[in-house]
Every structure is written in C-alpha cells, then in structure tokens.
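Dropping a structure here in structure tokens format, bear with me for questions.
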Amino acid sequence: MYKKISKILVFLIVVALASTFMFTGCKKEQPSQPPEEEKPEKVTIVFAVGGAPSEVDYWHKVIEEFEKKNPNISVDLLRQPMETSTRMQTLVTPLSGKESTPDVFLMDVAWVGQFAASNWLAPLDDFISKDNYDLSVFFKKTLEFADTYKGKICALPVYIDAGLLYYRKDLLEKYGFSKPPELWSDLVTIAQKVQEGERKTNPNFWGFVWQGKQYEGLVCDFLEYIVSNGGNILDKDGKPILNSESNIEALTFMRDLIHKYKISPPNTYTEMTEEPVRMTFQSGNAMFERNWPYAWGLHNADDSPVKGKVGIAPLPHFPGHESAATLGGWHIGMNIYSKRKEATWEFIKFVESFETQKGFAMNLGWNPGRKDVYDDPEVVEKSPHLKALKDVFVGAVPRPGVPYYTKLSDAIQKYVNAAIAGKMDPKDALNKAQEEVEEIISEYGG
C-alpha cells in the first residue's frame, strides 16, 4: 500500500517539475531595453503686446517662425489695447503684484526707467555674457541712456522713433532756398517767406506746425528745443535744471513761433497733437512739420496731396549747439518674476535678430532697433528715407528714465503749455515747474 502511494507521489512531483519547466523554460529571455531618452520639457512663455491690428497679426507670424526654430518653446500672445497709457496699466497691474506672467513684453521707451526703478525688469547682463551677445549692433546712445539702469541692461530696442523735420522740397526750391534750415532762426526766415507767398492763394497755409497741446507730445517737443540750446530737464546727477537760462530762452522761442513770428497756428497749444499736425502738413497747408517717422509713409501714400514733394532732415538747433531729437519707440523687456527666463531670453534674441528686424522694416515700415538693418540693400530700396533716419537716431535723446517720470511730465506739460499759450511768462512758468519737480523728487527721497 505504502509503496503504491509513494509511486503516486513521485509521479506527481515529476509532473509538477515538468510543468514548471515547460512554462518557464519556454519563455524567451527578453533583451534588456535601454532607458528611454528623456525629451526636453516643452515650455510656454507669455508675450504681452498691443498696437494696430496689422502689427498684432505680424507678431503672430514672428511667433510662428520662432516656434519652428525652437520646438520646445511655445509663445502665447497676450493682446494689449492700442492706447499707450492703457497698455502700460495692463503691465503695471501684474508686475506690481509680482506675477510671473507675462514673461516678456514691449515697453514705450518712457516706461523703461520707471519699470527698472520699480525692480520689475530682469537684468539681461548674465544672458548677454553667457551667449557673448553682440551689443554693438544697437545705437550706442539708445542702449546707454534708455535701456541701461544703474549699470545693468534691462531692455533692448525693438524699433526706434525720433523727432524729425519734414519740409516741402518743391516750396523750398520755389522760394529760392537751397537746403532745409540748420538753425531755428533759419527756419523762421524760410517759414515766414513761404507763408507770405503761399497765403496769396491759400489763406490756411502755415510756416511750421508742431505738437503743443498739453500732453506727453509737448514734453517731447520741449526736450528737443532745450537740448538743442544746451539745456536739459535734469542734470547728470538727476537734479532738475528746468529754469536754466538756456531753457528759458528755448521756451521763449517756442512761444514766439506762435505769437511773435506767427508762423505756427493759434490752436498749437489747444489742439495740435501728432495727427492734426500731420494732416495739416499732408493737406498742403504747411511748409515745415515736426513729427515722428510714421508720418513719412502717409505723406507719400498714393492719395496724399504732397506725395513726392516731402523731404526729411534733422531738427534745427540754436547757434553753438547741436540738433536734438527726442527718442521714442518700443523696447522689449523680461519680467523679473518670470519662471521661464531662459526660454524668454531665447525669444528676445529672436526678436532682435537681423532677420526679424528686417522683417519689421519690410512689412511694417518700422525703424529697426539694429543699426545694420539700415544698410541692407532690400530695406534701402523699399525705404530710401531710412538712410537719413539712421543719422538722426544716432543722436537721439531719451526722456528722463526716473520712477517719477509721469508726475514730472505732468508738471512740465502744464507750465510749458501755459507759457506757449501766452498765459504765463516763460521764466515764471519754468520757475514754477522747477519748484514742483523739486517737490516730486523730494517725495521720492531724492
């Protein structure tokens, strides 16, 4: 009996071992798989930009090209309003709240100093050093005086504006003048002669139109007059020098253009901003115009009465001094609270590349932040006037890059407008402006 049971147990053990061998031994040994290569994580950055619909549409194309070349970075466009002050507020709110987006944005040149002083802009110096990035392609004064704060580069120019003198080439020749004026006194002489002659058939004709209404544009014009007479708003130590003799002389001249020489219309100090000035000149009712480069394309449009008759030149200056043009335009900066700074820097480099800057010039008519684009044959062929603009931009003068600039500007607008309107004596106006600006600076701790 026991022998029979033992034989059965042995048989079962053999079957079990055979089964185990069959189900394990028949499995093919799986070759060891190499670890999967880790793909770089895709990063998304937010870019805040506004402007005209055509400009925003073109930014979408720029982003598309960037993403093709940088497949691991995507860019979300945060559309801002067209109006400049509203655009500024849409940035001030998140930045003052220390939010990480938008990561990158465009700034009017007048904001750069304010944003930098508020510690909202990430310094770009480490990125520039790491990549050995060539800064010599930019206009030196723009980089030094507009994009640098306390020795650190906090922005880069995307496109540049500066004040220009537009003039009628045909009328200059008609009245016997060989070139546009270099001195302000020459402008008065030419404007008076042309105005007198043209009014025989056109009573609405004026010698010189410029921005005089109480708004930011008046500060830009005022800066050009005073710097071209050796003055300024602040000295190199940041102290106000508004009531200097050279500034009083320049403001007196601004007033005299309207009331003494009578070559600028009475509505200069009530209505004249960029567009009314442009339309007056473009309708054939002015000899000279102070405006920004944007007016060039409009003056030479097919439906413009002055097409082909317009020249541009640096603004005049007072004897013994040099021409001055207030720097305008838009600059790109990085949010200091951004969590994606490396990717943001790659986008900034792409925006500032020769190809992208050339695209702005060719497709939007913008004046590039890079100097080398002005010499590109295709750009010059399409926009010959850029050659002349390059010389103007070299000497462009920025507005003060201080955190209290908005208040400073408001004070200057108020008193300069009162002076050119004849409501205040220029000396009294600038003395009052000096007092108010000193109080503003004192509030900010000097």
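The values are calculated or read from the model by the stated rules, or taken from the named source; none is laboratory data. All values derive from a computational prediction rather than experimental measurement. Note that each Cβ is placed from the backbone with ideal geometry, even for glycine, and that neighbours are counted across all protein chains shown.
Looking at the stretch 70-77, can you tell me whether even one residue there is in contact (Cβ under 8 Å) with a residue 40 or more places away in the chain, within 15 Å of THR344 (Cα to Cα) and among the hydrophobic types (A, V, I, L, M, F, W, C)?
yes
From the residues in the stretch 341-389 that are of a type in the set (Lys, Arg) and closer than 17 Å to ALA155 by Cα, which one is nearest to the chain's Cα centre (by Cα)?
ARG370
Condition (residue is assigned by TED's automatic domain parsing to the domain that holds GLU435, touching a Phe, Trp or Tyr at 6+ places or on another chain (Cβ under 9 Å), among the small types (Gly, Ala, Ser) and not in a helix (DSSP H, G or I)) applied to the stretch 170-177: is it met by at least one residue?
There is no residue in the stretch 170-177 that is assigned by TED's automatic domain parsing to the domain that holds GLU435, touching a Phe, Trp or Tyr at 6+ places or on another chain (Cβ under 9 Å), among the small types (Gly, Ala, Ser) and not in a helix (DSSP H, G or I).
Tell me the helices (runs of 4 or more DSSP H) entirely within the stretch 200-308 that contain at least 1 residues that are within 28 Å of GLU144 (Cβ to Cβ) and touching a strand residue (DSSP E or B) at 6+ places or on another chain (Cβ under 8 Å).
216-227, 274-282, 294-299
Starting from residues that are more than 19 Å from the chain's Cα centre (by Cα) and of a type in the set (S, T, N, Q), keep the ones in the stretch 61-85 and report whichever is farthest from THR356 (Cα to Cα).
Filtering the stretch 61-85 for residues that are more than 19 Å from the chain's Cα centre (by Cα) and of a type in the set (S, T, N, Q), the one farthest from THR356 (Cα to Cα) comes out as ASN72.
Of (1) surrounded by fewer than 20 Cβ atoms within 10 Å (Cβ to Cβ); (2) touching a Pro at 6+ places or on another chain (Cβ under 6 Å), LEU135 satisfies all except one. Which?
With respect to (1) surrounded by fewer than 20 Cβ atoms within 10 Å (Cβ to Cβ); (2) touching a Pro at 6+ places or on another chain (Cβ under 6 Å), LEU135 is out only on (2).
Right, something else. Would it be correct to say that LEU257 is surrounded by fewer than 17 Cβ atoms within 10 Å (Cβ to Cβ), assigned by TED's automatic domain parsing to the domain that holds PHE281, touching a residue at least 40 places away in the same chain (Cβ under 8 Å) and closer than 29 Å to HIS385 by Cβ?
For LEU257, the condition - surrounded by fewer than 17 Cβ atoms within 10 Å (Cβ to Cβ), assigned by TED's automatic domain parsing to the domain that holds PHE281, touching a residue at least 40 places away in the same chain (Cβ under 8 Å) and closer than 29 Å to HIS385 by Cβ - is not met.
Could you give every pair whose Cβ atoms fall below 9 Å, whose first residue belongs to the stretch 319-336 and is assigned by TED's automatic domain parsing to the domain that holds LEU95 and closer than 30 Å to GLY50 by Cβ, and whose second residue is in a loop (DSSP other than H, G, I, E, B) and of a type in the set (Val, Ile, Thr), counting only separations of at least 6 or pairs across chains?
ASN335/THR101
Considering only the stretch 175-215, state which residues are surrounded by 21 or more Cβ atoms within 10 Å (Cβ to Cβ) and among the acidic types (Asp, Glu).
GLU198
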